[in-house]
Amino acid sequence: MSRRRLVPWLLIGFGVLLFAFWTSTRLIDRWVLGIPSGSRRANVLELRLSGPVVERPTSFWGDRLVGPLSLREIDTALRRAANDSRIEGVLLRVGPLQTGFAKAEEIRSALAIVRDAGKPIYALVEIGTLVDLYVAAGAERIYQIPSGNFLLGLVSRRQYYRDLLDSLGVEFEVFRTGPFKTAMSAYTDTEMAAEERAFLERLLDDIYDRVVDGIATGRSLEPAAVKAAIDEGIVGARRAEQLRLVDALGFEDELNHDLREKLGRLRTTSVRAYLRGSETSFGWLSGAAKIALIHVDGMMVPGGAVDGPFGDRVAGGETIARLISRARRDASVAAIVLRVDSPGGAVTAADVMWRETKLAAETKPVIVSMSDVAASGGYWIATAATEVYADASTYTGSIGVVMSRINLEGTYEKIGINNETITRGANAAIFVESSPLGPEQRLALETSVQQTYDEFLAKVADARGMTLAEVDAIGSGRVWTGQQALELNLVDKIGGLNLAVQAARRAAGIPLRAGISLQVYPESRSVFEQMGSLLTEVRMALSDQRKLSDALALVAAASPRSSLPPRLPGALTDSWLESARLVALLRGAGPSWALLEAPVPMPLR
């Protein structure tokens, strides 16, 4: 055979070998490393809903995700199971969940798709709160173990440390834009202000009514009956059965027996095993359009993003901005979805992210999807998006700015420390904590905070087609639910992440039948990287605890016993440490930043 005729055969042979190699690695991945053999024959998707529900997986081991399930994994598995002929039903193990009602709403929406497909959903609850009952109510049938119970209700509690701090000589000097920006009131007030109580009451009413309606619909009850059950507070399993909150009392084996009888057989698969076994891996061959999904999780700070070892995250402005810029410059990315689950933070960090979002929106669709909370800085960056989606129970808005400066002059006097300061510049010592602010320094900080607020108002007004006065009337730190925000024109649509992705598809002109590939950022980190973060966190926490303990011991030793409480509550230590940590994170942001809001309504625990 001539060399000329041999070349095509060599190319064909090489192609066959390449295809065989690729196929064998996929088979090994699926059959040996990834999915247990039982998963391929599974007919029931088993979903364990307990602990935190994160926005994106915390970490991975090798090529396997580990840690808490993400909302997108849960949503994808349920929607895929609804259309998968191999999956005949879903088994939920619910509670206790640690998540907000916005994520719970998205889980309920995905469960509804499974039920609409005619597939049964059975749920097993041991103990649970209101959010657990709300999610479980999306099932066709709920079992509870006989000794279990529900702890029902919504609560928003805040502790105030002003009297205690006064006894220690500690003073917080706070500047804020409006009476509803109450992030630091725990340290400046002795009780809840009328404005703070008013917006918390409003939030509680909105969330409560929606949750009651959701449970009533799922359990075929009247809303009044659900409210009466919630009023009982602690509802034991037998009482829950009487109230029709659950269908039957039983254990796991009894639920499995009933589900097996209904379906004929019962072989379960976990969410991650199911996703690995049902994923389509040919996107790079089919030319699927790319949509970048960029997560903005946690407190916003300047610099890089940080993933904590237990799923807690910090949204670094520099990191997120770089990811948005990369997606903007990538011609293969048709649209961007920003998934925001952040209470705000440093204004500078939010502004850096806002700028890249604005630039990206000039060239391709940018859809913001709000999770449990997208307030302050979390709303700031949303003003640059093409379209804004929020869940009905999302906490958003909080258009305002707050800044705090600590004054320890009284504390130093108590422990016998004299501070002498030499400066160059009239206000160089504005953040030196050993003396109170003078009139000029106070005016400088008030002006800085007001200027930041004016810029916030202008961004919202421009984005939402409103006047500055109209934005101010719903701003000044007021927090709204997603449903209220829709009525106030602060968001465009009510819906979760899946609807936001579909909106991005439409806005980019991607045909409905065409495949899409989600490129998720930031990427999850390995377990070894997480362990490094854990060691750093522990070292910092021990250092902060030691410094605080030493300072309090000095104050206690130097002060008359009558001027100090008999014991310092652990809650103060925890709150002080958390506040110190937030201040440290935000220190590089300058004098004006937005801190965490007051505690929002949560399931009673």
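The values are calculated or read from the model by the stated rules, or taken from the named source; none is laboratory data. For clarity, every value in this text was computed on a predicted model and none was experimentally measured. Backbone-built Cβ (ideal geometry, glycine too); neighbour counts: all protein chains shown. Protein only, heavy atoms only, side chains kept; ligands, DNA and RNA dropped before computing areas. Shrake-Rupley method; radii C 1.70, N 1.55, O 1.52, S 1.80 Å.
Some observations on this one:
- Among (1) open to solvent by 40 Å² or more (accessible area, probe 1.4 Å); (2) at pLDDT 95 or above; (3) not basic (K, R), the one test that E279 misses: (2)
- The set of residues in the range 344-355 that are surrounded by 24 or more Cβ atoms within 10 Å (Cβ to Cβ) and either at negative phi or at pLDDT 95 or above (or both) comprises A346, V347, A349, A350, M353.
- Residue match in the range 189-207 (condition: closer than 30 Å to G416 by Cβ, open to solvent by 20 Å² or more (accessible area, probe 1.4 Å) and at pLDDT 85 or above): yes
- Cβ pairs under 7 Å, 6+ apart, first in the range 203-229 and aromatic (F, W, Y), second open to solvent by less than 50 Å² (accessible area, probe 1.4 Å): Y208/L154
- Any hit, the range 159-169, residues being on the phi < 0 side of the Ramachandran plot, among the acidic types (D, E), surrounded by fewer than 22 Cβ atoms within 10 Å (Cβ to Cβ) and in contact with a Pro (Cβ under 8 Å, 6 or more places away or on another chain): no
- Residues within the range 229-269 that are open to solvent by 60 Å² or more (accessible area, probe 1.4 Å) and among the small types (G, A, S), tallied: 1
This table checks each residue for (1) over 14 Å from V174 (Cα atoms); (2) surrounded by fewer than 18 Cβ atoms within 10 Å (Cβ to Cβ); (3) modelled with pLDDT of 85 or more.
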position	(1), (2), (3)
I422	yes, yes, yes
V432	yes, yes, no
S435	yes, yes, yes
V449	no, no, yes
A458	yes, yes, yes
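- Filter result for D84 (open to solvent by 10 Å² or more (accessible area, probe 1.4 Å), more than 27 Å from G128 (Cα to Cα) and at pLDDT below 90): no
- Some residue of the range 157-167 being farther than 30 Å from I430 by Cβ and at pLDDT below 95: yes
- The condition of being farther than 24 Å from K262 by Cα, of a type in the set (G, A, S) and touching a residue at least 12 places away in the same chain (Cβ under 8 Å) holds for G95.
- Residue count for the range 148-174, restricted to those that are hydrophobic (A, V, I, L, M, F, W, C), closer than 25 Å to G250 by Cα and assigned to a loop (DSSP other than H, G, I, E, B): 1
- Some residue of the range 208-226 being within 30 Å of S376 (Cβ to Cβ) and of a type in the set (A, V, I, L, M): yes
- Index of the failed condition, G178 passing every other in (1) surrounded by 15 or more Cβ atoms within 10 Å (Cβ to Cβ); (2) part of a helix (DSSP H, G or I): (2)
- Residues (at pLDDT 95 or above, open to solvent by less than 10 Å² (accessible area, probe 1.4 Å) and in a strand (DSSP E or B)) located in the range 118-147: I121, A123, V125, I142, Y143, Q144
- Whichever residue in the range 88-117 is in a strand (DSSP E or B) and open to solvent by less than 10 Å² (accessible area, probe 1.4 Å) and, among such residues, is farthest from Y208 (Cα to Cα): G89
- Sole residue being open to solvent by 10 Å² or more (accessible area, probe 1.4 Å) and hydroxyl-bearing (S, T, Y), chosen from S369, S404: S404
- Counted residues, the range 208-218 - those being crowded, with 22+ Cβ neighbours inside 10 Å and farther than 13 Å from S393 by Cα: 2
- Hey, L468 modelled with pLDDT of 95 or more, hydrophobic (A, V, I, L, M, F, W, C) and more than 26 Å from K103 (Cα to Cα) or not: yes
- Of note, G410 satisfies the criterion of being at pLDDT below 95 and open to solvent by less than 30 Å² (accessible area, probe 1.4 Å).
- Residue under evaluation I399, criteria (1) open to solvent by 60 Å² or more (accessible area, probe 1.4 Å); (2) under 32 Å from the mean Cα position of the chain (by Cα), criterion not met: (1)
- Residues being open to solvent by 20 Å² or more (accessible area, probe 1.4 Å) and without any contact (Cβ under 8 Å) to a residue 60 or more places away in the chain - total across the range 327-338: 5
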